[in-house]
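Note sheet for the following structure.
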Protein chains: 2
Amino acid sequence: MDNRTGLPVVGMVGGGQLARMTHQAAIALGQSLRVLATSADDGAALVAADVQLGSHDDLAALRTFAKGCDVVTFDHEHVPGEHIRALADDGVAIYPGADALIFAQDKLAMRRRLGELGAPMPRWREVQSLDDITAFADETGWPVIAKATRGGYDGKGVWVLRDPAAAQELVATGTALIVEERVALRRELAVQVARSPFGQVAAYPVVETVQRDGICVEVLAPAPDLDPDQAAQLQELAIRLATELGVVGMLAVELFDDGKQVTVNELAMRPHNSGHWTIEGARTSQFEQHLRAVLDYPMGDTGLTAPVVVMANVLGGPEGGISIDERVHHLFAQEPGVKIHLYGKQIRPGRKVGHVTALGSSLADTRARAARAAHWLQFGTALPENEGDPA
Amino acid sequence: MDNRTGLPVVGMVGGGQLARMTHQAAIALGQSLRVLATSADDGAALVAADVQLGSHDDLAALRTFAKGCDVVTFDHEHVPGEHIRALADDGVAIYPGADALIFAQDKLAMRRRLGELGAPMPRWREVQSLDDITAFADETGWPVIAKATRGGYDGKGVWVLRDPAAAQELVATGTALIVEERVALRRELAVQVARSPFGQVAAYPVVETVQRDGICVEVLAPAPDLDPDQAAQLQELAIRLATELGVVGMLAVELFDDGKQVTVNELAMRPHNSGHWTIEGARTSQFEQHLRAVLDYPMGDTGLTAPVVVMANVLGGPEGGISIDERVHHLFAQEPGVKIHLYGKQIRPGRKVGHVTALGSSLADTRARAARAAHWLQFGTALPENEGDPA
């Protein structure tokens, strides 16, 4: 407890945008997020009052950080499981625990466990050798998707293998892999739930996530044209996974939809890009919900605040052009109702540096407004008429 | 500009809850509010990364603070006008300027200026001596309302004078005063606008403010049963005042409604308690809007996010009872859709320590939910059934 306020102190390992936005949510709850950042320039370190510098893989730093925290949680999945166990053995309340987080850290462990639970998945195979890939491809046909079991994100650690030669080249790198069939995607979906130590689970509406080059660029909430029964089934799946895996905090279940079947792609156990729309678009943001969950507070209302919510990521654009401050001016003039979130990051091409959220009643109009706003921030120019309109 | 982000640095003089909530809004805009706090335990100092300790009436401290700020603004009205002028003379962009802020600092100056502008006001008189009060009361009848021209807030600096003896006692204190007729109040209203240096003005919906013992306890947005034409006239009045007075930033116009006429009670030139509902209840919160205004960004959408929004203040309750953390638990269990905002303040009876916001479609239901939530936080007990229901 913070003696000054009588309210709990949550420590978050990692100082990126998720910690930054969690700090915003913590302020409303009377708290001040404690952040373990690797650099004073990290997005969260720029805005939080209680920042410690140190690495997430340094157990001594983690132990110092945890002192005085009521709960420790994460803005990424990179804290080694043995460190999480060591802290838990010290008596630190640390969520999600190592036994749950492994399923977000290790794709092989996740596929095996989801198999045991009978969760719908693409066909997949553990890779020990090149033969495993070619034998798998004999069953599914080329190309196949290879994934590093650890450390992948935003399209990194994922390879489309078109033939045995490509497979051989990848296996030769020594990367630990699994291989999956290439799903004939109609679209990608995601569903988020929050679970508390008590066991309460709250589910958000299912959303559609639009990817480009392996990076999420747009989230549509709720997922358009999704059968309500199927939406409920997907929420139930996510609730079951959170419960069976013992997740505490936010769980994002990323899903493939091939038009016939929806299968689980990946899991994330933290606030997630697919839930940034909740800041304005849901009665309780995923950041507040994550805090409520790890603190074992009752969960907040996950209802939508508008019929349609669209989140568009802002990636770093090409160098040059008008300043970011001028881009904000122009965007605000064009779209007074769109909300922006800038993460305080150095802008590098392709890096997620912020997002925008638009609310409305028409999907096409709301999507176009979000696209125009993201375009201003990314490129410093107006999106030509009609280009923001989805085909 | 902050070299790390390319975005502006706004400095706010004063570290209370207004600065605390402005920092939350600044984070989304890619900024980190710089705060001049009097104590490291101030609500904003607990959560902001960039805090300087110093007094708002120390010009040297203000000058140090202003260095590197793109704009300086205020969380209260207590910075002396001569210091604001000195900073402006130094070349600091400081908003609102001294020539505008005087009308929020000095009730005599405000009444005179509003008289020149023909704004509707209660009858009032400058007080030089006891005779001024008694002569005024001969016209209006007793009781009359005496107000300190400077430094009043939350019912402090306001006296109901029932007879010449009470007037004599007050005049003997040497407090600079004005006297006003006691308005036969049907209710109080407020309207907020934001104005930028460019001159753009954005108006929020007119709200009803419910006072108890001179302290605002509840805000209903939009004001129930207000004629749309009258609402538009009040917004136009606030826009005209912001423009004529040269306000930059948020302006709150507090209003008396006697059922026949609406008159101006007070002005505040900063984010204001009557606008806390905008955090969840309007597309752009008053805190973001204040930042946009002082930075000369285009204004954001002021539209409502729900048909009915109710904000209830949380005052410090009696000592004892369950802890504030337990109160949050119980409130969240009972009202999963109500949003809370705790200011990190030491709890003292009657002090504003937080607020709650409920959104809905029925006024009675939304009001009752807000009342129940505020009661949990203030008293640590459930509000008995029906008591939250306005008569």
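The values are calculated or read from the model by the stated rules, or taken from the named source; none is laboratory data. Quantities reported herein were computed from a predicted structural model and do not represent experimental measurements. All Cβ positions, even for glycine, are placed from backbone atoms using ideal geometry, and neighbour counts span all protein chains on display. Ligands, DNA and RNA are excluded from the accessible area calculation, which covers all protein heavy atoms including side chains. Shrake-Rupley method; radii C 1.70, N 1.55, O 1.52, S 1.80 Å.
Considering only the range B:17-31, I want to know if a residue exists there that is without any contact (Cβ under 8 Å) to a residue 60 or more places away in the chain, within 14 Å of chain A (Cβ to nearest Cβ) and not small (Gly, Ala, Ser). Yes, some residue in the range B:17-31 is without any contact (Cβ under 8 Å) to a residue 60 or more places away in the chain, within 14 Å of chain A (Cβ to nearest Cβ) and not small (Gly, Ala, Ser).
Going by what's in this entry, would A:Glu244 be described as more than 14 Å from every other protein chain (Cβ to nearest Cβ), in contact with a Leu (Cβ under 9 Å, 6 or more places away or on another chain), in contact (Cβ under 8 Å) with a residue 40 or more places away in the chain and surrounded by fewer than 24 Cβ atoms within 10 Å (Cβ to Cβ)? So A:Glu244 fits the description; yes. As for the range B:197-208, it holds no residue that is among the β-branched types (Val, Ile, Thr), more than 23 Å from B:Leu295 (Cβ to Cβ), open to solvent by 30 Å² or more (accessible area, probe 1.4 Å) and modelled with pLDDT of 95 or more. Scoring A:Gly344 on the criteria (1) small (Gly, Ala, Ser); (2) within 11 Å of chain B (Cβ to nearest Cβ); (3) assigned to a helix (DSSP H, G or I) leaves a single failure, condition (3).
Scan the range A:84-93 and tell me whether some residue there is out of contact with any Cys (no Cβ under 9 Å at 6 or more places or on another chain), at pLDDT 95 or above and within 14 Å of chain B (Cβ to nearest Cβ). Checked the range A:84-93: no residue is out of contact with any Cys (no Cβ under 9 Å at 6 or more places or on another chain), at pLDDT 95 or above and within 14 Å of chain B (Cβ to nearest Cβ).
Of all residues in the range A:44-56, those satisfying the criterion of being under 21 Å from B:Ala45 (Cβ atoms) and touching a Ser or Thr at 6+ places or on another chain (Cβ under 9 Å) are A:Ala44, A:Ala45, A:Leu46, A:Val47, A:Ala48, A:Ala49, A:Asp50, A:Gln52, A:Leu53.
Total residues in the range A:296-320 satisfying the condition of being closer than 18 Å to A:Gly337 by Cα and in a loop (DSSP other than H, G, I, E, B): the figure is 3.
Mind counting the residues in the range B:310-366 that are hydroxyl-bearing (Ser, Thr, Tyr), more than 20 Å from the chain's Cα centre (by Cα) and under 18 Å from B:Ala221 (Cβ atoms)? Residues flagged as hydroxyl-bearing (Ser, Thr, Tyr), more than 20 Å from the chain's Cα centre (by Cα) and under 18 Å from B:Ala221 (Cβ atoms) within the range B:310-366 amount to 3.
In the range B:218-229 there is no residue that is surrounded by fewer than 22 Cβ atoms within 10 Å (Cβ to Cβ), in contact with a strand residue (DSSP E or B) (Cβ under 9 Å, 6 or more places away or on another chain) and part of a helix (DSSP H, G or I). Would you confirm, using the coordinates I've provided, whether B:Arg327 is among the basic types (Lys, Arg) and farther than 30 Å from B:Asp99 by Cβ? So B:Arg327 passes the test.
Considering B:Ala312, B:Ala293, B:Ala306, the condition of being in the same structural domain as B:Glu208 (by TED's automatic domain parsing) and within 21 Å of A:Thr302 (Cα to Cα) is satisfied by B:Ala306 alone.
Residues of the range B:300-320 include at least one that is facing another protein chain (nearest Cβ under 8 Å) and surrounded by 22 or more Cβ atoms within 10 Å (Cβ to Cβ). Taking only pairs six or more apart or across chains, which ones have beta-carbon atoms under 7 Å, a first residue in the range B:53-64 that is touching a residue at least 24 places away in the same chain (Cβ under 8 Å), and a second residue that is among the hydroxyl-bearing types (Ser, Thr, Tyr)? Between residues of the range B:53-64 that are touching a residue at least 24 places away in the same chain (Cβ under 8 Å) and residues that are among the hydroxyl-bearing types (Ser, Thr, Tyr), the close pairs are B:Ala61/B:Ser55.
If you go through the range A:280-295 and keep only what is part of a loop (DSSP other than H, G, I, E, B) and more than 8 Å from chain B (Cβ to nearest Cβ), you end up with A:Ser285, A:Leu295. Just one of the listed residues (A:Ala135, A:Ala93) is under 30 Å from A:Asp258 (Cβ atoms) and open to solvent by 10 Å² or more (accessible area, probe 1.4 Å), namely A:Ala135.
Screening A:Ala368 on (1) open to solvent by less than 10 Å² (accessible area, probe 1.4 Å); (2) within 24 Å of A:Met21 (Cβ to Cβ); (3) aliphatic (A, V, I, L, M) shows it passes everything except condition (2). Among the residues making up the range B:321-334, a single one is part of a loop (DSSP other than H, G, I, E, B) and at the interface with another protein chain (Cβ under 9 Å from one of its Cβ atoms): B:Ser323.
Comparison of A:Val72, A:Val79 shows that the only residue that is not in a loop (DSSP other than H, G, I, E, B) and not aromatic (Phe, Trp, Tyr) is A:Val72. The residue list B:Gly118, B:Gly141, B:Gly157 contains one member that is of a type outside the set (Asp, Glu), open to solvent by less than 60 Å² (accessible area, probe 1.4 Å) and within 23 Å of the chain's Cα centre (by Cα), which is B:Gly157. Confirm whether B:Val79 is within 14 Å of chain A (Cβ to nearest Cβ) and modelled with pLDDT of 95 or more. Answer is no for this residue.
So in the range A:76-90, with the set limited to residues that are among the hydrophobic types (A, V, I, L, M, F, W, C) and touching a strand residue (DSSP E or B) at 6+ places or on another chain (Cβ under 9 Å), which one is surrounded by the fewest Cβ atoms within 10 Å (Cβ to Cβ)? Ranking the candidates gives A:Ala88 first. Selection of the range B:237-253 for residues being more than 17 Å from B:Gly115 (Cβ to Cβ) and assigned to a strand (DSSP E or B) yields B:Gly249, B:Met250, B:Leu251, B:Ala252. Across the range B:9-20, the number of residues qualifying as open to solvent by 10 Å² or more (accessible area, probe 1.4 Å) and farther than 17 Å from B:Ala40 by Cβ comes to 2.
Residues of the range A:336-360 that are among the small types (Gly, Ala, Ser) and either without any contact (Cβ under 8 Å) to a residue 24 or more places away in the chain or out of contact with any strand residue (DSSP E or B) (no Cβ under 6 Å at 6 or more places or on another chain) (or both): A:Gly337, A:Gly344.
Here's the yes/no breakdown for (1) assigned to a loop (DSSP other than H, G, I, E, B); (2) more than 24 Å from the chain's Cα centre (by Cα):
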| site | (1), (2) |
| --- | --- |
| B:His23 | no, no |
| B:Ile27 | no, no |
| B:Leu36 | no, no |
| B:Asp41 | yes, no |
| B:Val47 | yes, no |
| B:Asp57 | yes, no |
| B:Ala61 | no, yes |
| B:Thr64 | no, yes |
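Taking the listed residues A:Gln286, A:Gln346, the one that is within 30 Å of A:Tyr95 (Cα to Cα) and modelled with pLDDT under 95 is A:Gln346, with no other qualifying. For the residues B:Leu234, B:Leu295, the requirement of being surrounded by 20 or more Cβ atoms within 10 Å (Cβ to Cβ) and out of contact with any Pro (no Cβ under 6 Å at 6 or more places or on another chain) singles out B:Leu234. Scanning the range A:32-43 for residues that are more than 7 Å from chain B (Cβ to nearest Cβ) and open to solvent by 10 Å² or more (accessible area, probe 1.4 Å) yields a count of 5. Test A:Val51 against the stated conditions and say whether it is closer than 30 Å to B:Val353 by Cα and outside any strand (DSSP E or B). Against the criterion (closer than 30 Å to B:Val353 by Cα and outside any strand (DSSP E or B)), A:Val51 does not qualify.
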